[in-house]
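Since the structure comes first, as structure tokens, the remarks are kept for the end.
The values are calculated or read from the model by the stated rules, or taken from the named source; none is laboratory data. Please read all numbers here as calculations on a predicted model, not as lab measurements. Glycine gets a Cβ as well: all are built from the backbone with ideal geometry, and neighbour counts include every protein chain shown. For the accessible areas, the whole protein counts, side chains as well, though only heavy atoms, and no ligand, DNA or RNA atoms are used. Shrake-Rupley method; radii C 1.70, N 1.55, O 1.52, S 1.80 Å.
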Amino acid sequence: MQSPRSILSMKRPKTPLSPPPSTPPTPQQRQSFTRLLKPISKKRRNILQNPQPLPAAAGDAAIKWKPLNINKSELYLPLTFPTGQTFRWRQTGASQYTGPVGPHLVSLKQLEDNGVGYYCHFTDSEDMARIDLFDFLNMGISLNEMWSEFKASDERFAELALYLEGARVLRQDPLECLIQFICSSNNNIQRITKMVDFISSKGEFLGNVGGYDFFEFPTLERLALVSEAELREAGFGYRAKYIVGTVAALQSKPGGGVEWLATLRKLDLQEAIDGLCSLPGVGPKVAACIALFSLDQHHAIPVDTHVWQIATRYLIPELAGTRLTPKICNRVADAFVSKYGKYAGWAQTLLFISELPSQKALLPSSFWNTEERSSAKPQMKIQAIQDIKENPGSKRKTTVPNAFNLLSDHLQVYSSNNDDIHDSCHSIYHIFSNQASR
């Protein structure tokens, strides 16, 4: 997969996740962000009747940015939105990102004074739009206080934080987050975005900003009207049946699927993961992403090959060279929680972001030996493939998931532009899985 959040297909771990050293914030603590809000106008504003996008040529001159009263160290937009947490926001200007927050269409901009400004393009309640935006941005949590603790216990984190401050974890709507990450399974960013756009278009139209159409995310009832055939025709491949199956499973939940998802915020992490993994198309990695980005499970660690490599380089080097099995995934997650505590997922997010090619340019060259890594990794994969070709009967210890991932990596350059090849790889994986289980 070419997504920053690549998904490994593997069985659900049988061993329970270790509890964090201390519990995440309670719902009462979360509501404290409302105290940060300054009094705002009680005059209600309804511009949905005839929404008009801003003139393209007007640019910032047409927008009166309202301050969020936070600085870059609490929220830096380029390290928060284009890093794989959400696929529904777009860059619509210099240091400006636009996206839906519930029924509101909002733009955020990094201002010249390093603060952050916001503007509600379309809403019928500016008061609620601001409150919902603060909730979406997880503003009840102080990034400065959290990172002070991380920096005191981890020298490398302290160095990275000098260059990558303001990488915040969002608090998304659980249904919206769930569907997005089912789309992300074994996928690349371009294709994920197209799929999420298609699903989003089933919701209410909010408006157009910067040439992009934005929609409120469709309700569960509206999603139930979308057929598997329609999704397959739109290019969802095997994920079509998972989305349809998950929607049906949620509709069958006592009290309603949206309400059931909300209850997962009150459960222990392992219980929330187990609940999510009961849905079609949701494995441990996808479940951990949903738990971290929408369910207040701040110590959830989405483990994929990238996170595993980070862990073996800096946390548990003794596991370097091992295969990424469910048991190893648990050990990786435990290592992050042991190091960073109840907000381990936030720390992992920064470490993950620091590995992205787009962000490495912000770091001094002393952080990386880029040439050595870029040449060694492909050579190792080529050698592994050659060994399999030359010794088909050898006792090489390669699990089916790892063999599939090796093949998938080898074909990424082609599958990124050819959906059929990528889906074929996934089909081949399932054939080998069935053979291996016999």
When SER184 is run through (1) more than 18 Å from ARG90 (Cα to Cα); (2) open to solvent by less than 10 Å² (accessible area, probe 1.4 Å), the failure sits at (1)
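Pick from GLN251, GLN190, GLN172: which is surrounded by fewer than 19 Cβ atoms within 10 Å (Cβ to Cβ), under 15 Å from GLN85 (Cα atoms) and of a type in the set (S, T, N, Q)? Quick ask: steps written out before the conclusion?
Values: GLN251 fails: under 15 Å from GLN85 (Cα atoms); GLN172 fails: surrounded by fewer than 19 Cβ atoms within 10 Å (Cβ to Cβ).
GLN190 is the lone residue from the list that is surrounded by fewer than 19 Cβ atoms within 10 Å (Cβ to Cβ), under 15 Å from GLN85 (Cα atoms) and of a type in the set (S, T, N, Q).
Does ASP296 meet the test of being in contact with a Leu (Cβ under 8 Å, 6 or more places away or on another chain), closer than 29 Å to LEU137 by Cα and charged (D, E, K, R)? Explain how you work it out, then say what you get.
Values: in contact with a Leu (Cβ under 8 Å, 6 or more places away or on another chain): no; closer than 29 Å to LEU137 by Cα: yes; charged (D, E, K, R): yes.
So ASP296 fails the test.
Could you check the stretch 160-274 for helices (runs of 4 or more DSSP H) lying wholly inside it with 1 or more residues that are within 20 Å of the chain's Cα centre (by Cα)?
174-183, 189-200, 239-251, 257-263
Is it the case that some residue within the stretch 120-130 is under 30 Å from GLY256 (Cα atoms) and under 24 Å from the mean Cα position of the chain (by Cα)?
Quick first cut of the stretch 120-130, residues under 30 Å from GLY256 (Cα atoms) only: 122-130.
Now drop any that are not under 24 Å from the mean Cα position of the chain (by Cα), which leaves 129-130.
Yes; the residues of the stretch 120-130 include at least one that is under 30 Å from GLY256 (Cα atoms) and under 24 Å from the mean Cα position of the chain (by Cα).
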Before we move on, is ALA291 farther than 25 Å from LEU350 by Cα, of a type in the set (A, V, I, L, M) and either at pLDDT 95 or above or part of a loop (DSSP other than H, G, I, E, B) (or both)?
no
Can you tell me which residue in the stretch 144-159 is nearest to PRO364 (Cα to Cα), limited to those that are of a type in the set (A, V, I, L, M) and in contact with a Phe, Trp or Tyr (Cβ under 8 Å, 6 or more places away or on another chain)?
ALA158
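Going residue by residue through the stretch 108-126, is there one that turns out to be of a type in the set (S, T, N, Q) and within 24 Å of ASP296 (Cα to Cα)?
From the stretch 108-126, those of a type in the set (S, T, N, Q) are 110, 114, 123, 125; that's our starting set.
Filter once more, so that each one left must be within 24 Å of ASP296 (Cα to Cα): none.
Looking through the stretch 108-126, none of the residues is of a type in the set (S, T, N, Q) and within 24 Å of ASP296 (Cα to Cα).
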Check LYS327 against each of (1) assigned to a loop (DSSP other than H, G, I, E, B); (2) on the phi < 0 side of the Ramachandran plot and name the one condition it does not meet.
(1)
Is there a residue being farther than 30 Å from SER73 by Cα, open to solvent by 50 Å² or more (accessible area, probe 1.4 Å) and small (Gly, Ala, Ser) anywhere in the stretch 256-265?
no
Listed residues THR98, THR92; which is open to solvent by less than 10 Å² (accessible area, probe 1.4 Å), at pLDDT 95 or above and among the β-branched types (Val, Ile, Thr)?
THR98
For the stretch 148-169, how many residues are open to solvent by less than 10 Å² (accessible area, probe 1.4 Å) and of a type in the set (Phe, Trp, Tyr)?
2
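Taking into account only those residues within the stretch 121-132 that are surrounded by fewer than 20 Cβ atoms within 10 Å (Cβ to Cβ) and either among the aromatic types (Phe, Trp, Tyr) or modelled with pLDDT of 95 or more (or both), which is farthest from PHE205 (Cα to Cα)? Give the derivation first.
Within the stretch 121-132, the first condition is being surrounded by fewer than 20 Cβ atoms within 10 Å (Cβ to Cβ), and the residues that meet it are 124-128, 131-132.
With either among the aromatic types (Phe, Trp, Tyr) or modelled with pLDDT of 95 or more (or both) added as a condition, the list becomes 128, 131-132.
Working: MET128: 19, ILE131: 21, ASP132: 18 Å.
Selected residue: ILE131.
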Subset of the stretch 344-367 (residues that are part of a helix (DSSP H, G or I), touching a residue at least 40 places away in the same chain (Cβ under 8 Å) and of a type in the set (S, T, N, Q)):
GLN348, THR349, SER358, GLN359
Within the stretch 275-287, which residues are open to solvent by less than 50 Å² (accessible area, probe 1.4 Å), more than 21 Å from GLY84 (Cβ to Cβ) and not in a helix (DSSP H, G or I)?
PRO280
Residues of the stretch 67-97 being within 14 Å of LEU137 (Cβ to Cβ) and either β-branched (Val, Ile, Thr) or not in a loop (DSSP other than H, G, I, E, B) (or both), in sequence order, are PRO67, LEU68, ASN69, ILE70, ASN71, LEU77, LEU79, THR80, THR86, TYR97
Enumerate the pairs (first residue in the stretch 120-147 and part of a strand (DSSP E or B); second residue anywhere and of a type in the set (Gly, Ala, Ser)) with beta-carbon separation below 8 Å, excluding pairs fewer than 6 apart on the same chain, so at least 6 apart or on different chains.
CYS120/ALA129; HIS121/SER107; HIS121/GLY207; PHE122/GLY207
Subset tally (residues that are out of contact with any His (no Cβ under 7 Å at 6 or more places or on another chain) and either within 23 Å of SER201 (Cβ to Cβ) or surrounded by fewer than 18 Cβ atoms within 10 Å (Cβ to Cβ) (or both)) for the stretch 107-118:
6
Log entry, pairs with first residue in the stretch 314-335 being open to solvent by 40 Å² or more (accessible area, probe 1.4 Å), second being assigned to a loop (DSSP other than H, G, I, E, B) and among the aliphatic types (A, V, I, L, M), beta carbons closer than 7 Å, six or more apart or on different chains, reads PRO326/MET10; ARG331/ILE316
